[in-house]
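Down below is the structure, laid out as structure tokens.
The values are calculated or read from the model by the stated rules, or taken from the named source; none is laboratory data. Note that the structure is a prediction, hence the values are computed from the model and not measured. Virtual Cβ from ideal backbone geometry, glycine too; neighbours counted across all protein chains shown. Ligands, DNA and RNA are excluded from the accessible area calculation, which covers all protein heavy atoms including side chains. Shrake-Rupley method; radii C 1.70, N 1.55, O 1.52, S 1.80 Å.
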Amino acid sequence: RLRRTHYRTQIAAMLGGCGGNSQEKLVASAKEYLAKKDYAAATIQLKNALKQKDSGEVRFLLGKTLSATGDYAAAEVHLRQALEQKYSPDAAYPELSRAMLAGGDIKKLVTELESVKVSDAAQQAQIKSDLGEAYLAIGKPKEAKEAFAASLASVSGYPRARAGEGRIL
């Protein structure tokens, strides 16, 4: 299985380097790889797409892909660039929050994303739960409790918020 993934990655790299692929085809191909959880091939396709034209969507997808592979610092960079290019805050902020929390960028998460609001209730609950966990990590249980309560206000019974409240107790 590892060998097949390696060959697919090599093929993606070769195809990505060809001049005949438009950015749209590269992004579509990357999305197919993402659906299969082939992050190496998706990363190659997205980097090739960026060489053709810088785009908020491509930066977002690359950030999401890098986060899935555990490269949280690089993911954060690309997600921030997606936001700078006016990519959907509803999509980018939750991914940025995840990457910052997983990457241990706790203080920056708290200061930068504390007042962020997105329109999707589930995404808002996720951001507030990330904030709650960040507050717990820096020893601020009162703020953590408020963040988990805000998460539950967005989505009643949100599992991560309930677990966070349980940890506080």
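Structure data summary
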| item | result |
| --- | --- |
| Tally, over segment 134-164, of residues that are open to solvent by less than 50 Å² (accessible area, probe 1.4 Å) and not hydrophobic (A, V, I, L, M, F, W, C) | 6 |
| Selected residue [over 17 Å from the mean Cα position of the chain (by Cα) and in a loop (DSSP other than H, G, I, E, B)] from Ser156, Ser151 | Ser156 |
| Of all residues making up segment 71-89, the number that are open to solvent by 40 Å² or more (accessible area, probe 1.4 Å) and assigned to a helix (DSSP H, G or I) | 7 |
| Residue within segment 73-86 that is among the aliphatic types (A, V, I, L, M) and modelled with pLDDT under 95 present | no |
| In segment 59-70, the residues that are in a helix (DSSP H, G or I) and out of contact with any helix residue (DSSP H, G or I) (no Cβ under 7 Å at 6 or more places or on another chain) | none |
| Filter result for Ala92 (free of Cβ contacts under 8 Å to residues at least 12 places away in the same chain, within 25 Å of Ala41 (Cα to Cα) and open to solvent by less than 50 Å² (accessible area, probe 1.4 Å)) | no |
| Failed condition for Arg167, given (1) in a helix (DSSP H, G or I); (2) in contact with a helix residue (DSSP H, G or I) (Cβ under 8 Å, 6 or more places away or on another chain); (3) modelled with pLDDT of 95 or more; (4) surrounded by fewer than 23 Cβ atoms within 10 Å (Cβ to Cβ) | (3) |
| Residue count for segment 103-115, restricted to those that are under 15 Å from the mean Cα position of the chain (by Cα) and surrounded by 14 or more Cβ atoms within 10 Å (Cβ to Cβ) | 4 |
| Which numbered condition Asp71 fails, given (1) in contact (Cβ under 8 Å) with a residue 12 or more places away in the chain; (2) within 21 Å of Ala102 (Cβ to Cβ) | (1) |
| Extreme residue, modelled with the lowest pLDDT, among residues of segment 52-70 that are over 14 Å from Glu24 (Cβ atoms) and open to solvent by 70 Å² or more (accessible area, probe 1.4 Å) | Asp54 |
